[in-house]
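A quick write-up on the structure given underneath.
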Amino acid sequence: MNFSKSLADTYKFAILLGTLTCLVAYLFSIIAFFILDSKQPGIRWGKLTVASLAFVYSMWAVIGSGEEIVYWGFVMLMAGLPFYAWIK
């Protein structure tokens, strides 16, 4: 890693992109929780508070990963959509 600055940057890019892909899954899970919980009778304020905090933290982590990482993550996510549509 110390031999080449570009090698360290490539490793950092791969780690941040992998982290971003995990965060996207977390964000979709939190949104799905809100949708499913809204169909249940009664409001569960504790669960909604924890889910809201998880959403805010995940968004903060996505923003903190940087513009380039978010750009490439979005490009890769969009590149996978034709395969998803083909499977469905």
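Laboratory data are not the source of any read-out in this text; all were calculated from the coordinates shown. Here the structure is a predicted model, which is why all the values come from computation and not from measurement. With ideal geometry, Cβ positions are generated from the backbone for all residues, glycine too; neighbour counts draw on all protein chains shown.
Here are some notes:
- For the chain: rounded, prolate or oblate by the Cα gyration tensor [a/c cutoff 1.5]: oblate
- For the chain, the longest principal axis of the alpha carbon atoms and the long axis of helix 67-87 meet at an angle near 60°.
- The C-alpha atoms of the chain define a longest principal axis, and helix 45-64 lies at about 20 degrees to it.
- Between W72 and F34, the simple label model (points 7 Å from Cα in the Cβ direction) yields a spacing of 2.9 nm.
- Cβ-defined net charge surrounding G66, 14 Å radius [Lys, Arg +1; Asp, Glu -1]: -2
- Each Cα pair under 8 Å and six or more residues apart adds its separation to the average, and for the stretch 5-87 the resulting relative contact order is 44 percent.
- Using a simple spin-label model with pseudo-atoms 7 Å out from Cα toward Cβ, T21 and I63 lie 2.6 nm apart.
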